[in-house]
Amino acid sequence: MPEKPSDLGFRQFQEDDRWGGSEVPLLRQRLEETIELIPAEARSILDVGCGSGNLVNRLCSDPSRYVVGVDSSNVALEHVRAHRICASGSELPLQDKAFDIVLCCEVLEHLPDVMIQAFVGEMVRVSKRWILVTVPYKEQLLRSFTKCSQCGHLFHVDGHIQSFTRDRLSQIMAPEFKAAETHELTMAPRRHYSKLLTWVEKRLCHNYTISRFAFCPKCGSRGLKQPSWWSKCYVLPRAVNRILNRRRKQQGGHLAILFERVGSMQDADRQT
């Protein structure tokens, strides 16, 4: 029986060569900045969609903290040194309010709307006080599109299907949680791109993004359309875009918001 496109989209996370590689400096810095956002009072930590443990492996070095990583990929969990659970974030096998804080880092952008609702619902149920979410910030998805060499399907090279702003994240977490802190994490600045010029670069110049991790969600192929001599014409729309947006501020790549359960601060004050 052939796999459904949705199944193929998530099968990429079961590929062994996707996990356990070396960290680039920008990723290390972003991880450290994320850890700094975790309140000192949070002694039990759950990371939903922990992947190969880049974050939880750092956190579990503190013996005073109870750290658990959850991921649906057994392959990724092999690299996790903290307590680990193989499960979907939409169905967490955990009790209500079991953890002081729930982390969800670089996950929501991969999920369809229905699954985002399920993930958030489970995080809200399991978190006692805080939820920390990180996502790409105002990502222009088409900029990172590539093309499958087998079926011709266009898709995001990293499997992203969602783009987020501060307001959208806050609306997703409401009404149980509200934003307590908001930060832009370190990332190489990105120039804003005109939608029309992006379309010209991708569809007319065929200048598609290339990555060894790309995995076609339609047919399952890992073969990508390679640039041709015509692709070199992309320099023209890029030059035009640079002129049009020369005064527009470049933006960072990732957003982190620490959410706090409504009423939890008053409860903590009463207990002290």
>> Can you say whether Cys60 is of a type in the set (A, V, I, L, M, F, W, C), at pLDDT 75 or above and closer than 30 Å to Ser221 by Cβ, as far as the supplied structure shows?
In response: no
> Going through segment 138-155 one residue at a time, which ones are basic (Lys, Arg) and at negative phi?
Replying inline: Arg143, Lys147
>> So, Ser44, is that one in contact with an Asp or Glu (Cβ under 8 Å, 6 or more places away or on another chain), of a type in the set (Gly, Ala, Ser) and either surrounded by fewer than 22 Cβ atoms within 10 Å (Cβ to Cβ) or closer than 30 Å to Lys202 by Cα (or both) or not?
In response: yes
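Per-residue answers, yes or no, for (1) crowded, with 22+ Cβ neighbours inside 10 Å; (2) closer than 20 Å to Ala180 by Cβ; (3) modelled with pLDDT of 95 or more; (4) touching a strand residue (DSSP E or B) at 6+ places or on another chain (Cβ under 6 Å):
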site	(1), (2), (3), (4)
Cys50	yes, no, yes, yes
Val75	no, no, no, no
His79	no, no, no, no
Arg84	no, no, yes, yes
Ala87	no, no, yes, yes
Ala98	no, no, yes, no
> Say we look at segment 125-140 and pick out the residues that are over 13 Å from Asp47 (Cα atoms) and modelled with pLDDT of 95 or more; which of these is surrounded by the most Cβ atoms within 10 Å (Cβ to Cβ)?
Replying inline: Val135
>> Please determine whether any residue of segment 189-207 is under 17 Å from the mean Cα position of the chain (by Cα) and hydroxyl-bearing (Ser, Thr, Tyr).
In response: no
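The values are calculated or read from the model by the stated rules, or taken from the named source; none is laboratory data. Nothing here was measured: the structure is a model prediction, and the numbers come from that model. Positions of Cβ are backbone-derived with ideal geometry, glycine not excepted, and every protein chain shown enters the neighbour counts.
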